[in-house]
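Throughout, read-outs are computed from the coordinates displayed, never taken from laboratory work. Note that this is a predicted model, so its numbers are computed, not measured. Glycine also receives a Cβ, built like all others from the backbone with ideal geometry; neighbour counts cover every protein chain displayed.
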Amino acid sequence: MAIYRILRIGDPLLRAKAEPVKKITPAILKLLRNMADTMYDASGVGLAAPQIGILKRVIVIDVGEGLLELINPEILESEGIEIGVEGCLSVPGVQGEVPRAAKVKVRGLDREGKVKECAAEGLLARALQHEIDHLDGILFIDKVTRWVENKNEGR
């Protein structure tokens, strides 16, 4: 188990575009494990590789339904709009309302290199969009329509 340091706002790597993973190697599998450990250690629900300084298109998410690992994820379809409060491990102490698609269909590779498609709504749909944005150098603060008080600011 390894816990990575999560980059904070202002680090230029958070604004860089991540590169697709060309081959799933033991290093990518280790990255997935360590990203999950890092996310859980920070009490987050998602983490993208650029948040730990690795410019690869890899995300991990757990919204309470079990760990989801995706390599080279892409949004295939989106439907509707929902506004919800978001925060980010890379932007601690800040929360804001962000409009996101209410439903998404996402495709990526699992750790075995098999194509995985998932249809999501609610928190999972929001988390998928948030983490995929990170892969393109987009932070949730770029999409905030209204700032809200963070009840966990002292954490």
Per the filter on the stretch 35-57, residues in a helix (DSSP H, G or I) and over 21 Å from residue 16 (Cα atoms) are 36, 37, 40, 41
The lone condition residue 93 fails out of (1) within 18 Å of residue 133 (Cβ to Cβ); (2) surrounded by fewer than 18 Cβ atoms within 10 Å (Cβ to Cβ) is (1)
Taking the stretch 58-75 and keeping residues aliphatic (A, V, I, L, M), more than 14 Å from residue 33 (Cβ to Cβ) and outside any strand (DSSP E or B) leaves 63
Here the residues within the stretch 134-143 that are in contact (Cβ under 8 Å) with a residue 60 or more places away in the chain and in contact with a strand residue (DSSP E or B) (Cβ under 8 Å, 6 or more places away or on another chain) are 134, 135, 139, 141
Output for Cβ contacts, cut-off 9 Å, separation at least six or different chains, first residue at negative phi and crowded, with 18+ Cβ neighbours inside 10 Å in the stretch 31-45, second of a type in the set (Gly, Ala, Ser) and part of a helix (DSSP H, G or I), reads 31/49; 35/49; 45/127
| task | With respect to residue 86, determine if the residue is acidic (Asp, Glu) and more than 11 Å from residue 73 (Cβ to Cβ). | result | yes
Yes or no: the stretch 134-155 includes at least one residue that is within 25 Å of residue 42 (Cα to Cα), small (Gly, Ala, Ser) and not in a loop (DSSP other than H, G, I, E, B). no
Condition set over 13 Å from the mean Cα position of the chain (by Cα), of a type in the set (A, V, I, L, M, F, W, C) and crowded, with 19+ Cβ neighbours inside 10 Å, scope the stretch 107-142, selection nearest to residue 58 (Cα to Cα): answer is 109
The correct count of residues that are of a type in the set (Gly, Ala, Ser) and in a helix (DSSP H, G or I) in the stretch 1-34 is 1
Restricting the stretch 76-130 to residues that are assigned to a helix (DSSP H, G or I) and not charged (D, E, K, R), the one farthest from residue 50 (Cα to Cα) turns out to be 122
